[in-house]
Amino acid sequence: MFLILLLLLVSFHYNEAYIGMVVHTGMVMSCSNPQWRIEVKWKECIVSCAKNESCAVAQTYPIKFGLCYTCGIENIRSSESVDDYRYQIALKTSSKPQPLCDSFKMGQYTTYFNNTSGLTNNSYAIQLLKNVTRRCPTNWRLFNRELGDWCIKMYGGSVSQTKATEECAKYGAVLSGLETQNETNFLHDFGSKNLEGEFATVWVDGVRRKGCQTTGEKQFPPGCKSFDGFNFTDKLLSTKSGYKWEMNNPDGLKREGGSDYQDCLALWIKFKPNEKLIDDVFCDDQGVKGYVCGKEPGY
């Protein structure tokens, strides 16, 4: 595949600091903690990264028009070649490569940049890979999301939400969210065959935000409606289309005689008519029969 190297120069007048953004066509970035915005033009995305002192790489996704996806210097992992010229990444640098002259080289790309105040010098390296297929581990299921590929696996075990989170971390994963109904359907089908008992729920990503507990019967503070009242650790979760509430939920009940609330999310696997629906439950609920881990595919 023929790769074109472009150069966009973004000038600052803070202590005459130079910031350049080298744009690679046909490349996809891997970032451990991406930030993203929608309805942003690609040039604006590049400029915003150039002006953001913590941003080192910007990326555009053709599958969702106007998606600006950026990565901080400490979260860069790698980038790989793809057979689609619409994918582009922009690497920040304070060096001055020659536009349209520097050839694209696979391997280690090392550069540096100063922040806009000129007080801090940052350096980073990104591994540029060609023709690499990222795969899920054995027995994990791959799903294609708008923000990138995601691997999912369900584990059995009656553990608290905190313990489930710790177990997922052992695999380099987090509690997985439900991006699409396809993900929910897969988990329901798998759990129905593998989880014991007549009733079964599993932990999924989502913990109610502090300050979003009920102020009355099913009454939540402003800004805490539905899933807006929850924090999610699944970094590739955007639409949450796989989350659908069980009837009369969320209720966010407070424990009788206690101080905690039903602040964690569980997916019903077995119990008609609630199957494939979400319930908010106490985070130490030992009646939950399993948990769902998720992570990005590896190489």
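Values in this text are rule-based calculations from the coordinates and carry no lab data. Everything numeric here is computed off the predicted structure, so don't read it as measured data. We place every Cβ from the backbone using ideal geometry, glycine too, and count neighbours over all the protein chains shown.
Which values of log₁₀ I(q)/I(0), to two decimal places, follow from the Debye formula for region 147-216 at q = 0.13, 0.22 Å⁻¹ with a uniform point scatterer at every Cα? These q points yield log10 I(q)/I(0) values of -0.46, -1.11. Listed by Cβ neighbour count within 10 Å, with the fewest neighbours leading, 189, 279 appear as 189, 279. Our coupling estimate for region 222-234, obtained by passing each phi through the Karplus curve with A = 6.51, B = -1.76, C = 1.60 and θ = phi - 60°, is x, x, 10, 5, 6, 7, 5, x, 10, 9, 10, 9, 6 Hz, Gly and Pro reported as x. Cβ crowding within 10 Å ranks 44, 198 as 198, 44, fewest other Cβ atoms first. Diffusion coefficient of region 251-296 by Stokes-Einstein, Kirkwood radius over Cα pairs, 37 °C, 0.692 mPa s: 275 µm²/s.
With the gyration tensor restricted to C-alpha atoms of region 141-295, the semi-axes of the equivalent ellipsoid amount to 23, 18, 15 Å, longest first.
The phi-based Karplus calculation (6.51 cos²θ - 1.76 cosθ + 1.60; θ = phi - 60°) puts the 3J(HN,Hα) values of region 72-82 at x, 4, 7, 10, 5, 10, 6, 9, 10, 6, 10 Hz, whole numbers, x for Gly and Pro.
Sorting 74, 246 from the fewest to the most surrounding beta carbons within 10 angstrom yields 74, 246. Of the cross-linked pairs 193/276; 153/270; 235/270, those separated by over 23 Å at the C-alpha level are 235/270.
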